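Below: one structure, written as structure tokens.
The values are calculated or read from the model by the stated rules, or taken from the named source; none is laboratory data. Owing to the predicted nature of the structure, the values given are computational and were not obtained by experimental measurement. Here the Cβ is made from the backbone with ideal geometry for all residues, glycine too, and neighbour counts use every protein chain on show. Just the protein is used for accessible areas: all its heavy atoms, side chains included, with ligands, DNA and RNA removed. Shrake-Rupley method; radii C 1.70, N 1.55, O 1.52, S 1.80 Å.
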Amino acid sequence: MSVLEHPSFDNHEKILFATDEVTGLKAIIGVHSTVSGPACGGCRMWSYPNSEAALQDALRLSQGMSYKNIMADLPIGGGKSVIMKPEGPFDRKALFEAFGRAVDSLNGHYITAEDVGVSPDDMMAVRASTEHVVGLPEGKAASGDPSPVTAEGVFRGLKVCVERGLGKSDLAGVKVAIQGASGHVGTYLAGHLARAGAELFITDINQDGLERLKAEHGATIVGLDDIYSLDVDVFAPCALGSVINPDTIDRIKAKIIAGAANNQLATREMGAEVLKRGIIYAPDYVLNAGGIINVMGEIAGDFNPEWVKGKLVGLEQTLAEILDQSDREGRPSNLIADEIARQRIEEKRAAKLAKVA
Ligand code: NAD
């Protein structure tokens with residue numbers, strides 16, 4: 001498999017393939033850019049069908065982190081890691097300790113945290129092998145699980161979209177379909193939305209979580225595949241990526257797509273398809289930056305909830321500016337966000353080079 005020629009390679013600074021025979025670790029760490037600072041992004045553990053799928057995920061997620069971090073104006077670069085979940089039973093603590101050794105070998109160029117399939121406890125196991133880990137439940141400046149803050153950022157951005165798309169300043173009676181509602185972010189987002197009066201439609205492969213949300217918020221449980229074609233106002237993808245694709249786009253009736261999942265669009269070109277259908281799309285890495293904003297305090301060693309709140313207001317403003325530009329120019333919001341992110345990275349790179357010269 002070619003790596004340097006991979007369509008998602010995008011000049012990654014480093015890619016580390018890490019294996020450990022004893023624990024069964026198979027991991028890929030992508031360091032996309034350290035122009036703004038050490039690359040920071042979560043670790044995902046998933047049952048990938050093969051290493052090609054894992055590499056594709058690592059590269060796209062890692063580039064996305066560079067864009068996310070620069071759009072949130074954080075002094076960190078972009079990176080991400082994936083662990084191919086071992087088949088059969090495995091020693092979870094030992095696996096994450098081995099992963100921590102791989103992170104440590106990058107000497108601080110990459111800082112890890114939680115992502116899908118990984119918990120704060122797993123990060124404590126990583127901490128046994130390296131100090132380059134955040135999102136810890138305890139310790140100096142610990143920021144804990146980033147998911148509640150990610151959900152708050154998504155909630156705030158979703159309201160910005162509702163105001164523009166539906167002309168409503170509140171969420172009373174607004175119908176929202178949440179994919180991945182039993183997950184960390186999905187559950188918190190459901191709580192915010194329900195408290196704001198939204199009507200919820202939820203799906204997940206984990207039924208237990210759904211039953212809890214139904215009991216708590218009166219949410220309606222729908223089938224995994226039915227979530228796309230519901231007659232709702234907002235579709236909030238909060239599971240995995242590539243859910244906006246040629247198979248789903250024509251089924252989506254929602255006027256707004258705003259969720260936490262990374263890489264929601266299967267390809268960049270899907271942004272134009274979304275726009276063509278009159279749907280407002282909140283670029284995923286702008287909307288879901290709450291979690292990385294939260295861990296930033298931990299990286300800086302000085303966790304300050306007030307600073308986090310201010311950054312979440314900034315997230316709303318950035319989203320509104322992107323959607324304004326999209327309206328003015330009649331161009332997809334995802335492309336506009338990508339352009340702004342790339343331009344900011346290039347400016348940082350030029351400033352850094354000028355200092356060295
Ligand atoms: P999670 O693993 O806790 O939740 C994901 C949920 O999606 C799980 O409940 C899972 O059962 C469900 N799911 C998986 N496949 C599904 C399918 N085909 N249909 C319906 N549901 C399905 O992960 P999370 O931390 O809540 O993250 C959710 C998404 O948000 C991910 O894409 C993640 O990368 C992104 N994100 C998370 C954070 C964060 O702070 N946790 C920050 C930024 C972005």
- Note on the structure: The answer for Thr220, listing residues at least 5 apart or on another chain whose modeled amide H is closer than 5 Å to its amide H, is Leu200, Phe201, Ile202
- With all protein chains present, the stretch 256-357 has a carbon and sulfur share of its accessible area (1.4 Å probe) in percent of 54 percent
- Carbon/sulfur fraction of accessible area - the stretch 93-226, other protein chains in place, 1.4 Å, %: 47 percent
- Of Gly167, Gly77, Gly218, the most mobile residue in a GNM of the chain (C-alpha springs, cutoff 10 Å) is Gly167
- With the chain treated as a Gaussian network of Cα nodes joined by springs under 10 Å, which of Gly191, Gly297, Gly139 yields the largest mean-square fluctuation? Gly139
- Message: Among Ala258, Ala219, Ala196, which one shows the highest mean-square fluctuation when the chain is modelled as a Gaussian network with alpha-carbon springs under 10 Å?
- Response: Ala196
- Jot down the per residue volume, in cubic angstrom and as a whole number, of the convex hull over the alpha-carbon atoms of the stretch 176-244. 76 Å³
- Long-range amide H contacts for Glu114: which residues qualify at under 5 Å (H placed 1.01 Å from N, peptide plane, sequence gap of 5 or more or a different chain)? Cys43
- Query: Cα axis of helix 184-195 to longest principal axis of the chain: angle in degrees, 0 to 90, nearest 10?
  - Reply: 30 degrees
- Could you state the orientation-averaged shadow area of the convex hull built on the Cα atoms of the stretch 201-357, in nm² to one decimal? 12.2 nm²
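Answer rounded, prolate or oblate for the stretch 139-292, using the Cα gyration tensor with square roots of eigenvalues a ≥ b ≥ c: rounded when a/c is under 1.5, else prolate when a/b is larger than b/c, else oblate. Numbers along the way, then the final one.
Details: a/c = 1.37, a/b = 1.20, b/c = 1.13.
It comes out rounded by the Cα gyration axes.
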- Item | Largest-first principal axis extents, alpha carbons of the stretch 259-331, Å | 44, 25, 15
- Query: Taking square-rooted eigenvalues a ≥ b ≥ c of the alpha carbon gyration tensor, is the stretch 5-138 rounded, prolate or oblate, where a/c under 1.5 means rounded and, failing that, a/b exceeding b/c means prolate?
  - Reply: oblate
- Item | With at most 14 neighbouring Cβ atoms within 10 Å, loop GluC sites (Glu not before Pro) (DSSP) excluded, longest segment of the chain | 139-268
- Residue-wise HN-Hα coupling along the stretch 120-131, computed from phi with Karplus coefficients 6.51, -1.76, 1.60 (Hz; x: Gly, Pro): x, 5, 4, 5, 5, 5, 4, 4, 5, 10, 8, 8
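Where the convex hull is taken over the Cα atoms of the chain, what is its projected area averaged over directions, in nm²? Before the final figure, lay out the partial values.
Numbers: hull surface 71.7 nm².
Approximately 17.9 nm², given one-decimal rounding.
Is the C-alpha gyration tensor of the stretch 197-276 telling us rounded, prolate or oblate? Criteria: a/c under 1.5 is rounded; beyond that, a/b larger than b/c is prolate, otherwise oblate.
Numbers: a/c = 2.26, a/b = 1.80, b/c = 1.25.
Prolate, since a/c reaches 1.5 and a/b exceeds b/c.
How much area per residue is accessible in the stretch 17-128 when the probe is 1.4 Å and only protein heavy atoms are counted (Å²)? It would help to have the intermediate numbers written out before the result.
Details: 4170 Å² over 112 residues.
Per-residue value: 37 Å².
Nearest 20 debye, what's the magnitude of the dipole of the chain about its Cα centre given +1 on Lys and Arg Cβ and -1 on Asp and Glu Cβ? Walk me through the numbers on the way to the answer.
Values: 36 positive and 48 negative charges, 135 e Å.
Magnitude of the dipole: close to 640 debye.
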- Item | Placed amide H near Ile280: partners under 5 Å, 5+ positions off or other chain | Ile256, Ile257
- Message: Please list, in order along the stretch 86-94, the HN-Hα scalar couplings obtained from phi with the Karplus expression 6.51 cos²θ - 1.76 cosθ + 1.60 (θ = phi - 60°), rounded to whole Hz, x for Gly and Pro.
- Response: x, 6, x, x, 8, 8, 4, 5, 5
- In square angstrom, rounded to the nearest 10, how much accessible surface does Phe201 have for a 1.4 Å probe? 30 Å²
- Put Arg164, Arg212, Arg328 in order of accessible area, largest first, probe 1.4 Å, and you get Arg328, Arg212, Arg164
- Phi-based couplings in Hz for the stretch 50-60 (Karplus 6.51, -1.76, 1.60; Gly and Pro marked x): 6, 5, 5, 5, 5, 5, 4, 5, 4, 5, 5
- Specify the inter-centroid distance of the stretch 71-121 and the stretch 131-208, based on alpha-carbon positions, in whole Å. 23 Å
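What accessible area per residue comes out for the stretch 287-355, rounded to a whole number of Å², with a 1.4 Å probe? Kindly include the intermediate steps, with their values, before the conclusion.
Working: 3480 Å² over 69 residues.
In whole numbers, the stretch 287-355 has 50 Å² accessible per residue.
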